[in-house]
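Asks: The structure under discussion is supplied below as structure tokens; questions concerning it will follow.
Computed from the coordinates by the stated procedures, all read-outs in this text should not be read as laboratory data. Quick caveat, the model's predicted, so the values are computed rather than measured. Virtual Cβ from ideal backbone geometry, glycine too; neighbours counted across all protein chains shown.
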Amino acid sequence: DALIGDYSDVTITASDLIMYGDATDSNNTKRDTVQGILDLAGGGAFENIFYAHGHTTFSSMQSISTGSWTVVEFETEVLDQGSDFDLSNNKFVAPSDGKYIFYGSYQVLHGSGSGTDQRLALNHYNSSDSSIAGRNLGKTTVHEAAQNGSMIFTMSASDYINMAVYQASGSSKTLEMPILFGWKVS
């Protein structure tokens with residue numbers, strides 16, 4: 001048992017018990033297993049879940065050139081349940097056919113110039129590196145603004161996704177705190 005109130009890392013399994021308030025029963029506290037809650041919600045166990053983040057120190061942050069999409073470089077896999085995130089190539093490779101959900105974000109692009117066009121995309125490719133779908137998830141004209149978004153892709157085994165950013169004005173910018181995570185939903 002663990003109290004998750006201090007934002008500490010806690011590892012749970014499908015058989016662990018969770019306490020929760022039930023709004024349909026006057027918010028009475030109930031207990032169920034993680035798997036039981038997922039089953040009630042119509043889902044199953046999380047499959048192939050991963051979480052990666054990029055450089056966290058300013059001196060090692062990735063440089064983003066002007067006027068072109070740049071694939072985000074990740075430095076750490078915090079979680080990679082199925083070993084499906086390829087850290088050396090900055091992409092998640094689907095281990096099997098199915099639907100996968102992904103979330104990507106970055107904090108800011110540092111650099112000179114205001115009103116810069118900044119964008120975030122998740123890109124889906126097949127195993128022969130042909131683009132299937134690119135999703136522009138966010139666009140802002142605010143200098144040093146965060147971007148984030150999520151997307152569900154139907155993927156075949158060996159298809160992959162990566163995350164890319166774009167900025168259109170001024171000199172190169174520095175990417176701060178990119179994260180990418182996802183899992184198989186069906």
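Asks: Could you pull out every residue, at least 5 positions away or on a different chain, whose amide H is within less than 5 Å of the one on LYS91? Hs are placed 1.01 Å off N in the peptide plane, and Pro or chain starts have none.
Replies: ASP86
Asks: Once phi is turned into θ = phi - 60°, what whole-Hz ³J(HN,Hα) does the Karplus curve with 6.51, -1.76 and 1.60 give for every residue of region 71-80, x standing for Gly and Pro?
Replies: Values, residue by residue: 5, 6, 9, 9, 10, 9, 9, 6, 8, 8 Hz.
Asks: Starting from the Cα of PHE46, step 7 Å along the direction of its Cβ; do the same at SER83; then give the gap between the two resulting points in nm.
Replies: With each label placed 7 Å out from Cα toward Cβ, I get 2.0 nm.
Asks: Right, something else. Points 7 angstrom from Cα along the Cβ direction at ILE152 and THR174: gap in nanometres?
Replies: Taking the simple label geometry, ILE152 and THR174 are separated by 3.9 nm.
Asks: Tell me which residues come under 5 Å, amide H to amide H, from ILE49 once H is placed; ignore anything under 5 positions away on its chain.
Replies: For ILE49, the qualifying residues are GLN81, GLY82, LYS184.
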